[in-house]
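Presented below is the structure to which this report refers.
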Amino acid sequence: MKKRLIALALLAGMAAMLLAGCGEENNMTEDSYAAKPVIYLYPERETAVSVKLAYDGELTCTYPAYGDGWQVTAQPDGTLLDTDGREYSYLFWEGIDSNTYDMSRGFVVKGEDTAAFLQEKLEALGLTPREYNEFIVYWLPKMQGNPYNLITFQTDAYTDHARLDITPQPDSILRVFMAYQPLEQAVDIQPQELPGFVREGFTVVEWGGTEVGSTRTG
């Protein structure tokens with residue numbers, strides 16, 4: 001059991017380093033934001049899938065390599081194989097853009113309460129435990145140390161600037177994109193109404209996020 005826990009910890013660390021190692025934040029300007037989504041594919045049976053991304057920004061890292069698009073064989077459990085037979089859990093991309101995100105409605109959450117908040121809201125939006133746990137593991141270290149976070153979940157402000165073309169066409173698609181702003185103090189904001197999601201047939205799920213600015217002085 002001890003060896004298994006050590007192995008799992010090493011795998012988690014390698015995954016974190018992979019995602020962090022693609023980082024380009026040193027090249028970001030004051031008005032640019034880093035988007036870091038992952039895409040899961042869940043066909044009803046083994047299926048060859050093509051995924052193309054039209055992004056209004058600069059791609060800085062993709063895994064597996066994007067090239068002219070991702071060409072994978074997807075299994076119903078989400079396992080992906082590239083053309084060389086290498087296995088992946090999802091498609092990852094990272095980019096820089098200067099898009100404007102709608103922060104007028106959302107939630108103000110204490111940093112120490114971020115994990116519980118994300119678990120509740122991401123589940124309500126339709127992510128599975130595996131998916132929202134991977135989201136939280138990535139974003140929590142960036143958010144929990146802030147006094148507060150203004151957290152919003154974007155719709156057209158994100159999807160209109162990061163368009164997916166997937167063949168065969170999914171029966172259902174869920175794209176969850178969080179934009180958050182660290183705050184020194186709580187502010188009043190109108191809460192968002194979050195829609196639910198029903199998985200039907202070939203399902204595609206994406207989660208990602210970005211930090212859109214900070215009011216911290218330190």
Separation of alpha-carbon centers, region 170-203 and region 56-134, rounded to whole Å: 12 Å
Full-stretch length increase - GLN169, ASP82 - with 0.36 nm per residue and alpha-carbon distance subtracted: 29.4 nm
Charge context of GLY69, other residues only, Cβ under 14 angstrom, K/R +1, D/E -1: -1
Accessible area per residue in Å² at 1.4 Å probe, computed on region 36-185: 46 Å²
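The values are calculated or read from the model by the stated rules, or taken from the named source; none is laboratory data. Everything numeric in this text was worked out from a predicted model, so none of it was measured. As a convention, Cβ positions derive from the backbone with ideal geometry for all residues, glycine included, and neighbour counts pool all protein chains shown. Only protein heavy atoms, including side chains, enter the accessible area calculation; ligands, DNA and RNA are left aside. Shrake-Rupley method; radii C 1.70, N 1.55, O 1.52, S 1.80 Å.
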